[in-house]
Structures are given as structure tokens and as C-alpha cells.
């Protein structure tokens, strides 16, 4: 008998592993021909340059209740307006709005011109303020950068056309590049709403114009689950003027995820912290149509000014 050849056994083919492209963070293009790879790298570098140029024109604004901006024996013993400007520099702000300044007028003013006493220019920042109700309560002020920072050119922003509406409301035009944006800064006293008509006058100033940006300490928590009469009145007033909170549109950092701007520590008899009371009283608001102007809104704590309020820092395109 002739031996029949065994049928050929199929051999398994070599394993084929699909090679995935490199992670996009490495900015490599393994499957592109050299010429196309060079074009993609040039396009990427051009996009980086455009993003860097766009960020160079971003404006950083801040708002905070500083409790007092007075210095010396009549103030909190701190640096007063000097400490406030140091806070603006520390937070890299181009414009810093702060309330509850306690800045009052001179007692020896013979003409009653209504000028309060404060530093006008310090470390490249100029200051404008209203007269407070008293040295312990009220007052609005704004400081903005007018001199170039180290390594940078002339500031791409300015502030003009100030108008004071009572002791606790201030309106002006902020110039960002080639745009003119109305801004209102306000402070509502805790025990009364008598300044609400001054705030309405500030809104009426910009009626039928570009919607303003409102930076205010309203002394109400608009997100309270059980709002009182004062909270409902303020919420209705803001809704009638088309204002919307901007902080809620952005994810906050873990330490400020609560998004509460006011805090108060309660201590035990031995000095340890018992509890921390928190509330939301400070806001940066504007019309929903201007939402795209804001690229970021966060809570920060520079810890230079002695206050129980966090700062709201916004980046405007």
C-alpha cells in the first residue's frame, strides 16, 4: 500500500495588532506623510499663537466686599486702599470693584464738594469712590490699572464716565479694547432696601443701550430654598432688569464648589472651630445675551484684605 500524504494543516497566521495613533496631547501624527505632517505641525503652532494672542487681550475683573478700606486708627488697622490695590495685583486684576469701603468725606470741606478721602494713585492703579454712609458701613469704589505692568505694554482697558447714584451705587463705562461696556457696582444695606431706587436709576442710565454688567453685594441669597420677603423682592427686581448670575455657568474649583461668597466661623470654648456658616450674597450678573463675553468666573481668596467675603474673579474676552 502506498502511503497517502497527509493533508496540509493550515498554519495560524501571525497575530496582527492594530496600532493606535499617539495620544493627541503628544501632538504627533504617525500616519501622515512627511509633507502633510509638517503642514499639520505648522497649523498647530499657528493655532497656539492665535490662542496666546487672544488671551493677551482678556480682561480680568474682580468684585469683593472688603468690609473696610480705611487705614490707621479709624480703620481696621490694615493697609486700607493700599492693601486693596495689593489684592488686585496679587489676583492679577485689571479692574477691581469693592464695596463697604467706609470712605467718608472731609469734615473741613468748606464747599461740600462731596469728595471722600482716599488714595488716588498707587502702584499703577487709579481709584474712584463714593462717600460711604458712615465710616463703619457702605461705600463703593473701583480701582483699575493705568500703567503698564513689567514686561507688558500699555493697558488695553480704561474706565470713564463715572456717575454716583447715592452712597452705595456707582455706574461707569469700561473700555475693553475697542468695546465700551456699561458696568454697575452696588451694595444693598442689610437692614433696608432704600438703595434699590438708586440701583434702578443706574439701570435707567443704560436703557435702550448695551445691557450692563452688575457687580453687587445684595445681602440676600438668591439660591436659598426658603427665600424671605426681601429675597423675593430683590429677585423680582433683578428679573425685571434682565439680570442673570454668571458664576453658575462655570465649574468652580473643589475648595469653592459650594459657590458661597460669605462665611463666618463659630468657635468652641477651647478655640477650635465648631461650624462655618456660609451664604451667597455677592454676584456678578449680566444679561443672558452677554454670556459669551465671559470665558471664566471663579471664587478666589487672596487673603490680603481682612474680610469674611471671597472675591469673584471674571475673565472677559
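Throughout, read-outs are computed from the coordinates displayed, never taken from laboratory work. Being a predicted model, the structure only gives us computed values, none of them experimental. Every residue, glycine among them, receives a Cβ derived from its backbone with ideal geometry; neighbour counts consider all protein chains shown.
Miscellaneous remarks
- Beta bridges per DSSP with both ends in the range 167-317, % antiparallel, nearest 5: 85
- Overall form of the range 60-316 per C-alpha gyration tensor (a/c, 1.5; a/b vs b/c): rounded
- Note on residue 46/residue 149: beta-carbon distance plugged into 1/(1 + (r/R0)^6) with R0 of 22 Å gives a FRET efficiency of 0.25.
- Full extension of the chain segment joining residue 257 with residue 117 gains 46.6 nm, where the gain is 0.36 nm per residue of separation less the Cα-Cα distance.
- Percent antiparallel among DSSP beta bridges (both partners in the range 60-316, rounded to 5): 85
- Relative counts (whole %) of C-alpha pair distances in the range 162-247, using bins that are 5 Å wide: 3, 14, 25, 25, 18, 9, 4, 2, 0
- With a Förster radius of 45 Å applied to the C-beta separation of residue 210 and residue 36, the computed FRET efficiency comes to 0.50.
- Cα→Cβ-extended label distance, 7 Å offset, between residue 289 and residue 275, nm: 4.5
- Each of 284, 89 was scored by other Cβ atoms within 10 Å of its Cβ. Arranged with the fewest first, they read 89, 284.
- Length gained when the stretch residue 266-residue 317 is fully extended (0.36 nm per residue, less Cα-Cα span): 14.4 nm
- Legend: calculated FRET efficiency, residue 249 to residue 134, from the Cβ-Cβ distance at R0 = 45 Å, rounded to 0.05, equals 0.80.
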